[in-house]
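The values are calculated or read from the model by the stated rules, or taken from the named source; none is laboratory data. Fair warning: this is a prediction, and the values are worked out from it, not measured in the lab. No Cβ is skipped: glycine too gets one built from the backbone with ideal geometry, and neighbour counts run over all protein chains shown. Surface accessibility is based on the protein's heavy atoms, side chains included, excluding ligands, DNA and RNA. Shrake-Rupley method; radii C 1.70, N 1.55, O 1.52, S 1.80 Å.
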Amino acid sequence: MTGTPGAVAHDDAPEVLVLEGVTGPALDDLAAERRVARAAEAPAQPWPGVRALVVRNATRVDEGLLTRLPDLRIVARAGAGLDTIDLEATERAGVVVSYAPTENTDATAEHTLALAIAVAHRIVELDASTRAGGWDRAQTRELRGGVWGVVGLGRIGRAVAALARGIGMRALAADPAVGADDARAAGVELVPLAALLARALVVSLLAPLTPATRGLIGAPELALLRPEAILVSTARGELVDEDALGAALMARRLAGAGLDVRATEPPARPDPLA
C-alpha cells in the first residue's frame, strides 16, 4: 500500500514506512502481516502511528525526523554503514537501529572490480566511440601482475582483495583498525596509506565514512599516485575531495577513476567530473 503523511493516527494508519524504493521478498512478507506505506522521501510533516522505518543511505535519520515519527521504535537500514543515522538521537528516543552489513558484500566487490577493469580497458569510452561509428584500436591496460590497494579492509575490502588476487594481482591494504596478522590471514599485506598510494596500480576506497575519513583522498594523497594508477570509489563519495580529483584527472596525473558514489547524489550540473 502507499501512504500520505497525516497529522492524526487512525486504526488503518501505516505501521511501517519504507523509503528509497527498498524492495524484496522480506518486505512482501511483512506487508502481508503489517500495514506498509512506501514513499520517495522522508515525511516533512508529523506522521503518528509509524513504528518501523526502512531506509537505504539517502535518508538522514536525525532528531528532526524522529520528532516527526513520534511512535517510531525501529530503524532498519537496508545495507551496510550507519553514517546517515544519528545513533545518539535514536538512543535518546529509545529507537532500535538494525542494519545488514553483509547484504551488498559480493555485489559491491564485483562492481569494484568491474569499474577498475572498465577504466583500465576504456570500455565505456570505446563503446561510445564504436556506437558513433568509430573503430579505435588503441591499446588498453592490463591489470594482471600489478598491485591492488584496498583502503578499508572490512568485509567488502577482503572480498575485493580476493577478487584482485584471482586476476593475478598482489593485494595491499591500509586500515588502522586491522592488525598485520589479521591482514596476513586474509592474504593481504598491511601498509600505511601513503605507501599503498605510491605502490598501487588500482586504489579502491572501501572505508566507512567517519570524521577521520571524510576527505581522506585529497590533493596530497592524489599526488602520491602513479600516473598509470586508477582510483575506484564504491564506499562513500565524501571520502574523496572531488575538486582535487578533477584537477588531477585534467592534468593527467592519474590514468582514470571509477566512481560509483559521489559527495552529492545526484551531483549538481554542470558536473566537472562528468
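Site pair ASP62 and ARG184 shows an inter-label distance of 4.6 nm when each label is modelled 7 Å from Cα along Cα→Cβ.
Compared with the dominant principal axis of the Cα atoms in the chain, helix 105-120 is inclined by about 40°.
Annotation for segment 237-266 versus segment 44-86: alpha-carbon center distance of 30 Å. The GNM of the chain, with springs linking C-alpha atoms under 10 angstrom apart, assigns the highest mean-square fluctuation among ALA174, ALA248, ALA138 to ALA138.
Mean sequence separation of contacting Cα pairs (under 8 Å, at least six apart), scaled by the length of segment 95-204, corresponds to a relative contact order of 26 percent.
Per-residue ellipticity at 222 nm for the chain, helices alone: DSSP H runs ≥ 4 residues times -39500 (n - 2.57), over residue total, nearest 500 deg cm²/dmol? Walk me through the numbers before you get to the answer.
On the way: 10 runs with 84 residues, N = 274.
Value at 222 nm, helices only, nearest 500: -8500 deg cm²/dmol.
What residues have an amide H closer than 5 Å to that of HIS121, excluding those fewer than 5 places away on the same chain, when H is modeled at 1.01 Å from N in the peptide plane? It is ARG141, by chain and number. Taken over segment 154-274, the convex hull of the Cα atoms encloses 102 Å³ per residue. Charge dipole (Cα centre; +1 on Lys/Arg Cβ, -1 on Asp/Glu Cβ; no other charges) of the chain amounts to roughly 860 debye.
The 3J(HN,Hα) values that the Karplus relation (6.51, -1.76, 1.60; θ = phi - 60°) gives for segment 148-165 are, in residue order, 9, x, 9, 9, x, 9, x, 4, 5, x, 5, 5, 5, 4, 5, 5, 4, 5 Hz. Gly and Pro appear as x.
Take every pair of alpha-carbon atoms less than 8 Å apart whose residues are at least six positions apart; their mean separation over the length of the chain yields a relative contact order of 12 percent.
Taking LEU224, LEU143 and ordering them by how much accessible surface each has at a 1.4 Å probe, largest first, produces LEU224, LEU143.
Note that segment 232-242 has calculated 3J(HN,Hα) couplings of 10, 10, 10, 9, 9, x, 6, 5, 10, 6, 5 Hz, one per residue in order, obtained from phi through the Karplus relation 6.51 cos²θ - 1.76 cosθ + 1.60 (θ = phi - 60°); glycine and proline are x.
Placing unit charges on each Cβ (+1 for Lys and Arg, -1 for Asp and Glu) gives segment 100-178 a dipole about its Cα centre, and among ALA171, TRP135, THR105 the Cα reaching farthest toward its positive end belongs to ALA171.
Quick one: net charge around ASP83, please, counting Lys, Arg +1 and Asp, Glu -1 for every other residue with C-beta under 11 Å from its C-beta. Taking every other residue near ASP83 into account, the sum is +2. In the full protein context, the chain carries 53 Å² of accessible surface per residue, based on a 1.4 Å probe and ignoring ligands, DNA and RNA. For segment 94-220, a simple Cβ point-charge model (Lys and Arg +1, Asp and Glu -1, everything else neutral) yields a dipole of about 280 debye relative to the Cα centre. The candidate values are [x] 17.4; [y] 13.5; [z] 14.9; the one derived from this structure for mean projected area of the Cα convex hull in nm² carries the label [x]. Taken one residue at a time, the phi angles of segment 24-31 give Karplus couplings (6.51, -1.76, 1.60, θ = phi - 60°) of x, x, 5, 6, 4, 5, 5, 5 Hz. Gly and Pro are set to x.
What is the gain in length, in nm to one decimal, between ALA107 and THR130 on full extension, counting 0.36 nm per residue of separation less the C-alpha to C-alpha distance? Write out the running numbers ahead of the final one.
Numbers: separation 23, 0.36 × 23 = 8.28 nm, distance 2.83 nm.
Using 0.36 nm per residue and subtracting the Cα-Cα distance, I get 5.4 nm.
For segment 108-212, give the percent of accessible area contributed by carbon and sulfur heavy atoms, probe 1.4 Å, rounded to a whole number. Carbon and sulfur together cover 56 percent of it.
About the centre of its Cα atoms, segment 174-274 shows a dipole size close to 240 debye [charges on the beta carbon of Lys, Arg (+1) and Asp, Glu (-1) only; nearest 20 debye]. Between ARG214 and any residue 5 or more places off or on another chain, the built amide H atoms are never under 5 Å apart. Taking amide hydrogens as placed 1.01 Å from N in the peptide plane, the amide H of ALA229 sits under 5 Å from those of ALA255, each at least 5 positions away in sequence or on another chain.
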